[in-house]
Structures are given as C-alpha cells and as structure tokens.
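So the structure is just underneath, and the comments pick up after that.
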There are 2 protein chains.
Amino acid sequence: MHHETLTYQADGLTMKSQLFFEPAATPRAGVLVFPEAFGLGEHAISRAERLAALGYAALACDLHGDGRVVDDLQEAIGLLQPLFADPSKTRARAAGGLAALTARAEVDASRVASIGYCFGGTMSLELARAGAELKAVVGFHSGLGTAAPKTDAKNIKARVLVCIGADDPMIDAAQRAGFEAEMRDAGVDWQMHLYGGTVHSFTNPEAAKRNMPDAIRYSAEADARSWAAMQELFGETLS
Amino acid sequence: MHHETLTYQADGLTMKSQLFFEPAATPRAGVLVFPEAFGLGEHAISRAERLAALGYAALACDLHGDGRVVDDLQEAIGLLQPLFADPSKTRARAAGGLAALTARAEVDASRVASIGYCFGGTMSLELARAGAELKAVVGFHSGLGTAAPKTDAKNIKARVLVCIGADDPMIDAAQRAGFEAEMRDAGVDWQMHLYGGTVHSFTNPEAAKRNMPDAIRYSAEADARSWAAMQELFGETLS
C-alpha cells in the first residue's frame with residue numbers, strides 16, 4: 001500500500017494529512033476521513049488504511065494543523081471553540097483536504113466521499129453544506145447541529161448517512177429531530193441509522209481511555225453495522 | 001429451488017403458506033416472511049424466493065387464512081380489526097408459521113429470523129414480544145405500536161431492526177419515539193434505520209396501484225438499503 005504525507009494550507013494552518021491507496025491502473029474514487037476532536041490519530045488513520053484496502057484513495061485529514069494530537073478532551077474542545085463560533089473555519093479546513101485529495105492524479109475527482117467521526121463527522125456535513133462536490137457523506141457519532149439549518153442544507157449534493165448511538169448524550173433526540181427537519185426541508189437524500197444501547201465514540205476501540213462509559217464507549221456491533229452501511233452507500237455512489 | 005405449500009392451523013384459521021429452499025446437505029437457517037395487510041401475495045413470496053436463493057429456508061406466511069388476498073385497503077384493515085384489538089391473535093398467527101417452519105428437518109431451529117412488511121413487520125415484532133426463539137427480527141415500514149410496551153419487550157430474544165420511511169404518515173415521529181423508549185427500557189439490541197424522502201410501502205413495486213403517492217410509494221433506494229441492512233443483521237445472527 002502506498003502511503004505519504006500530504007501537506008497543504010487551510011484556515012491559516014499547515015495541515016499534515018495521511019494519504020493511502022493501493023496501486024491501480026486507473027484513478028480511484030477518493031474518500032476523506034476526518035478524525036475525532038483530538039486530532040488525527042491512530043483511529044482515523046486505521047480507517048483510511050481500511051478504505052485503501054477496499055480500493056479507495058483515502059486521505060486521513062489533519063484537524064488542528066501540524067498533525068497535532070491532544071489527549072485531553074477539554075483541551076480538544078478548547079481548540080475547537082473558534083470553529084464552533086464560525087463554521088466557515090470548519091469548512092475551510094475540510095475543503096483544504098478535499099482540494100489536496102482531488103489534485104492527485106490517482107483520484108477520480110468526480111467520485112469523492114467524505115466521512116468522519118465525532119467532530120470529524122460534523123466537518124464532513126459542513127463540507128457538504130458548503131456545496132462541495134461530494135457523492136456521499138457519512139458521519140459516525142457526528143454532531144448534527146449547524147449554524148444555518150434553514151439555508152445551507154440546500155447546497156448539499158451528496159447522499160448523506162449519519163450513524164448515531166440512540167443513547168449518545170451529546171447527540172440527543174432534539175438534535176436528531178432538528179437534523180431530520182433540516183434534511184427534509186432541503187430535500188436531501190439522507191439516512192439516519194440509530195443503534196440502541198449505544199453512546200458516543202462507538203467506532204473507537206480507544207474510547208475506554210476516557211473513563212466515561214455512560215457517554216463514550218466502543219461497540220463492536222455498532223462499529224461493524226455502521227461500517228457496512230457506509231460501504232453500502234459507497235456501492236451506490238462511488239462505483 | 002424447492003417449493004411447497006405448508007398448511008397449518010393458527011388462530012382458528014387454516015393457513016396456507018409458501019416454503020422455499022435450495023437443496024443442501026445440512027439444515028439451513030430459517031426466515032419467516034410476513035406480508036402486508038392485504039395478505040400473502042406476490043411481494044412477500046418474491047422476497048421469500050430471494051431469501052431461499054441466499055441459502056435460507058424461507059416461509060412466506062399466510063395472514064388471513066386459506067391464502068386469502070384482498071385488494072382493497074379498507075377491506076384489509078377491516079379484516080385486521082380483531083388483531084388490532086387483541087394482539088394475542090396476531091401472535092398466534094405468527095407463531096403458527098414459526099412452528100410450521102421449525103418442524104421441518106431442512107431447518108436449523110436454533111437459527112431463525114422473522115421479517116415482515118407493514119402489518120407483517122408488526123407481526124414479526126409481536127412474535128418477538130411474545131418471547132419466541134428468534135435470532136433476528138426485521139420490520140420494513142412496519143407499525144411499531146403495541147398493546148403493552150412497558151412489559152412485553154422484556155421477552156424479546158431477537159436482535160431487532162426496523163427500517164422506516166422518515167416521511168411515512170402511518171409511522172410518525174411520535175410512534176418512532178415510543179418504540180425507541182420501549183426498546184431502550186427493555187434493554188433490547190435494536191436498530192432503527194430512517195430513510196429520508198421515503199413513505200410507506202417503500203419495498204413494494206406495486207405501491208403505485210394505491211394511487212396515494214404522498215403516503216404509499218415504492219423507493220428503489222430505500223428498498224435496496226433496507227434489504228442490505230437485513231442481510232448484514234442476518235450475517236451477524238444466523239451464520
């Protein structure tokens with residue numbers, strides 16, 4: 001498998017993202033992978049490697065710049081405050097990854113999806129709300145709120161899938177209902193998969209490190225189910 | 001493919017159900033298929049045939065007795081009134097199918113699932129709520145209400161998946177929320193997949209015959225997505 005670091009500027013930061021793909025004779029579909037709030041660590045990188053093994057060119061994207069990873073949740077949230085306050089910053093960081101990926105000759109720029117975990121899922125949704133040329137967006141335990149739900153969803157060109165723990169305290173029923181209304185009003189092709197008995201970070205085997213099992217917990221079942229649902233959507237949209 | 005009519009008594013009716021399986025050296029996992037409210041017609045039978053082609057022994061189950069199929073929606077609803085009033089009748093009809101299927105030497109009775117469409121999905125859920133030995137239940141545009149949500153869900157042994165059109169006027173947000181609470185309180189392994197822009201009967205290519213497109217409409221995308229989700233759950237539970 002080919003692996004290299006892609007360096008690019010986005011939102012005033014120097015991003016260091018990790019590109020993976022298998023050798024092939026023709027350009028492949030591309031997938032952006034945005035990490036949890038902590039920054040680009042092993043979790044998102046391992047998912048990009050799995051996507052590359054499936055035949056995609058996958059870019060695991062830097063979030064905080066310079067490949068910075070923080071371990072403390074409060075520190076991570078602090079770093080994201082400017083992005084919460086101004087979604088154009090979130091979109092700019094995501095768009096930098098999209099431009100870097102689609103600039104590659106190995107990638108078919110007409111077949112690109114974006115996925116993400118936790119805040120990375122939000123980034124993928126924000127990239128779609130900005131009107132990016134994406135065929136599919138998948139958010140895993142991704143925050144669903146946005147600054148302008150009445151207007152921006154009309155820009156979405158991608159088919160959207162969000163995979164959510166039904167007991168996730170960070171993505172409650174009200175937030176889900178707001179997202180549903182946003183997608184419906186804009187006529188988006190959207191799906192929401194709800195997993196019972198499941199909370200935040202269900203895709204991340206390292207979730208136990210947080211020591212908050214009622215809120216943040218790995219689930220092998222929900223991880224497998226959501227990964228399969230993503231592949232089904234990619235089969236629809238990236239083939 | 002082997003095909004035969006299985007005749008059995010249930011809820012005081014003579015049921016004529018359709019069994020399908022491919023030849024195999026050892027017993028197969030079994031799947032019950034319950035039809036829409038109109039009775040056992042081409043739609044549920046075709047799904048049983050597809051399941052048999054996938055390697056399952058599939059029983060497309062009679063609903064009204066004597067293989068009766070009605071074409072008029074109001075007539076179908078009228079026939080179901082006694083079942084709405086007394087869920088034990090619904091459960092008895094479903095249990096008859098389960099007993100008939102698992103009595104067959106070709107079926108591994110320890111690996112059985114139940115699926116259904118519209119009222120047939122409700123039948124599958126009611127069979128699970130009655131404590132039946134099922135590994136998985138899948139309801140497609142299935143009514144989610146039940147007579148005793150506070151108690152019966154505790155009997156569920158199956159993993160449950162319901163696939164619902166987000167704009168289905170017959171399964172509204174309040175009904176979905178009630179089901180979510182029922183499953184959560186009982187600690188069931190459950191999932192709900194919501195499909196945007198999708199209404200009732202999304203799996204049935206004949207839905208247009210009803211001439212109620214705002215309420216009852218086929219969706220090739222939601223049909224394919226829900227079928228794939230069912231297969232994923234069967235991979236988990238029936239292998």
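Any read-out appearing in this document is the output of simple, stated calculations on the displayed coordinates, not a laboratory observation. None of the values given here were measured: they were computed from a predicted structure. Virtual Cβ from ideal backbone geometry, glycine too; neighbours counted across all protein chains shown.
Things to note:
- The label-point distance for B:Ala99 and A:Gln175, in a model that sets each label 7 Å from Cα toward Cβ, rounds to 4.9 nm.
- Averaged over the residues of B:192-205, the number of partner chain Cβ atoms lying within 10 Å of the residue Cβ comes to 4.
- Kyte-Doolittle at least -0.5, axis length at least 24 Å by Cα - qualifying DSSP helices, chain B: B:220-237
- Whole-angstrom Cα spans of segment A:146-204 along principal axes, big to small: 32, 20, 16
- In this label model, A:Thr151 and B:Asn155 are separated by 5.5 nm, measuring between points 7 Å along each Cα→Cβ vector.
- Protection-proxy order for peptides A:135-145, A:48-58, B:77-87, each taking the mean of Cβ atoms within 10 Å per residue, highest first: A:135-145, A:48-58, B:77-87
- Charge context of B:Ser88, other residues only, Cβ under 15 angstrom, K/R +1, D/E -1: 0
- For A:159-167, mean number of other protein chain Cβ atoms within 10 Å: 2
- Virtual paramagnetic centre 7 Å along Cα→Cβ of A:Ser88, amide N under 18 Å, in segment A:1-18: A:10-13
- Cα-Cα over 32 Å, subset of A:Lys157/B:Lys150; A:Lys157/B:Lys154; A:Lys154/A:Lys209; B:Lys89/B:Lys157; B:Lys16/B:Lys209: A:Lys157/B:Lys150; A:Lys157/B:Lys154; A:Lys154/A:Lys209
- Calculated P(r) tail over 34 Å for the protein assembly as shown, as whole % of Cα pairs: 37
- Calculated log₁₀ intensity ratio I(q)/I(0) where the Debye formula runs over C-alpha points of segment A:43-86, q = 0.21, 0.22 Å⁻¹: -0.78, -0.80
- The ellipsoid that matches the Cα gyration tensor of chain B has semi-axes, each √(5λ) in whole angstrom, of 24, 20, 19, with the longest given first.
- Within 10 Å of the Cβ of each residue in B:226-233, the mean number of Cβ atoms contributed by other protein chains is 3.
- Once the mean of 1/r is taken over each pair of separate Cα atoms and inverted, segment B:1-139 shows a Kirkwood hydrodynamic radius of 14.5 Å.
- Cα-only Debye scattering, segment A:122-239: base-10 log of I(q)/I(0) at q = 0.12 Å⁻¹: -0.42
- Cα convex hull volume per residue for segment A:1-67 (Å³): 77
- Neighbourhood charge, 14 Å Cβ-Cβ cut-off, centred on A:Ala109 and excluding it, Lys, Arg +1 and Asp, Glu -1: +2
- Length added when fully stretched, A:Ser110-A:Glu42, from 0.36 nm per residue minus Cα-Cα: 21.7 nm
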